[in-house]
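Some notes on the structure that comes next.
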Amino acid sequence: MQAPHPLQSRGRRLRRASVTLLVALLGATTALAEKAENQPDDAANQIVRRMVERNEIRAQHLQYCFSRRHYHVEYHGFGRSMDASMDVEATYNAASGKTFRVVQQSGSHVLLDHVLKRLLDTERDDSHSHDAALTPQNYRFRLAGNTLEDGRPLYVLEVDPRVKKKLLYRGKIWVDAQDYAVVRVEAQPAENPSFWIKSTEIHQFYAKTGEFWLPEQNQSQTKVRLGGTATLTIDYGNYQFQPPGSQSSSLSAVASTQ
């Protein structure tokens, strides 16, 4: 059998390296999941203070959560295309953090093992960390305006990291003016994780389930500097707030707390 030409071998190594480099970046995009320095913004400070207070209250009440997710990633570049899908059961326990069970998977083993499963590992390991929390300790905030979406008034805030941490981002967040919860994020990673990554756009959407605002969908697109694009979509849903066998609900009226 004729040995592969050195340029062909090099091309295969570049393709595999480009996929591997996406792992760290796509992992940062799910952590979801949070411009230049400005003078103190009193309006923004008041909004952020109430947002942090409400988030703490919601976190205290969210002791257990079970959900189902669908992951899909596509990669096009270097003369080839790959895709993979995965269905996951996610369980959150306030005492022990997050655990995941892969129910079904299909597609490229490279993307399954080196992208999607590593996303789960990153989220599980960070489930007890506050390194990416949307707080004044991690971010600067500036009120960019107000808007109305689906009949709900929202504040639009620009966010910029104060510190260097791997999961932080810069961009805009939309905050519900009644519940003081984040309903949408449009951002880019605060720091480029690799020379090989040209740009990344992150779009995260939240929806209200019961008294909690929880992830509804994540859409992230990464462009590789030498060519190629990876697109990740995560659909969240089927939230349950009681452990199996629980006889009563312990949910409280979080939204009514001022």
- Query: modelled with pLDDT of 90 or more and not charged (D, E, K, R) - does that describe any residue in the range 125-132?
  - Reply: no
- Taking the range 100-145, which residues are of a type in the set (S, T, N, Q) and within 24 Å of E56 (Cα to Cα)? T122, S127, S129, T135, Q137, N138
- Item | Leading residue by the ranking (farthest from K117 (Cα to Cα)) among those in the range 241-258 that are surrounded by 15 or more Cβ atoms within 10 Å (Cβ to Cβ) and modelled with pLDDT of 75 or more | Q242
- Pick from P153, P136: which is modelled with pLDDT of 90 or more, in a loop (DSSP other than H, G, I, E, B) and over 15 Å from the mean Cα position of the chain (by Cα)? P136
- In this structure, is T233 farther than 29 Å from R49 by Cα, among the hydroxyl-bearing types (S, T, Y), at pLDDT 95 or above and part of a strand (DSSP E or B)? yes
- Note on the structure: Considering residues that are among the small types (G, A, S) and surrounded by fewer than 20 Cβ atoms within 10 Å (Cβ to Cβ), the number found within the range 207-222 is 2
- Note on the structure: Condition set in contact with a strand residue (DSSP E or B) (Cβ under 9 Å, 6 or more places away or on another chain) and hydrophobic (A, V, I, L, M, F, W, C), scope the range 185-206, selection surrounded by the most Cβ atoms within 10 Å (Cβ to Cβ): answer is I202
- Message: Suppose we filter the range 41-98 for residues that are closer than 19 Å to A133 by Cα, of a type outside the set (D, E, K, R) and assigned to a helix (DSSP H, G or I); how many remain?
- Response: 12
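The values are calculated or read from the model by the stated rules, or taken from the named source; none is laboratory data. If you're wondering where the values come from, they're calculated on a predicted model, not measured in any experiment. With ideal geometry, Cβ positions are generated from the backbone for all residues, glycine too; neighbour counts draw on all protein chains shown.
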